[in-house]
Amino acid sequence: MYAPKVGIIKEAVLKQVVEKFATYEDYLDSLITKMDVYYLEDIAVARQLVELGVINHLFSATIPRTLFDARKKLARHR
């Protein structure tokens, strides 16, 4: 699986994403367009492609699940 270097993802963006989305799937869904779902006909496939970086409409690195989950856990314990 493609995992971008953490330095590519700005800390402020990571914090904003972790605060905004309850789950990693919610985050992935925010990166999927109606056209993606139309052509792929499966939201699960669209999520996988976004997570792998194949679908990338924002031209930025997708936050890896492990990093999202770690930051989410940290936020809960604060």
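Values in this text are rule-based calculations from the coordinates and carry no lab data. Because the structure is predicted, anything quoted here is derived from the model rather than measured. Cβ: placed from backbone, ideal geometry, glycine included. Neighbour counts: every protein chain shown.
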With +1 assigned to the C-beta of every Lys and Arg and -1 to the C-beta of every Asp and Glu, and no other charges, what is the dipole magnitude of the chain about the Cα centre in debye, to the nearest 20?
540 debye
To check my understanding: the extent here is largest minus smallest coordinate of the Cα atoms along each principal axis. What are those three numbers for segment 6-76, in Å, largest first?
36, 23, 17
Once you put a point 7 Å from the Cα of VAL45 and another 7 Å from the Cα of GLU11, both along the Cβ direction, what distance in nm separates them?
4.1 nm
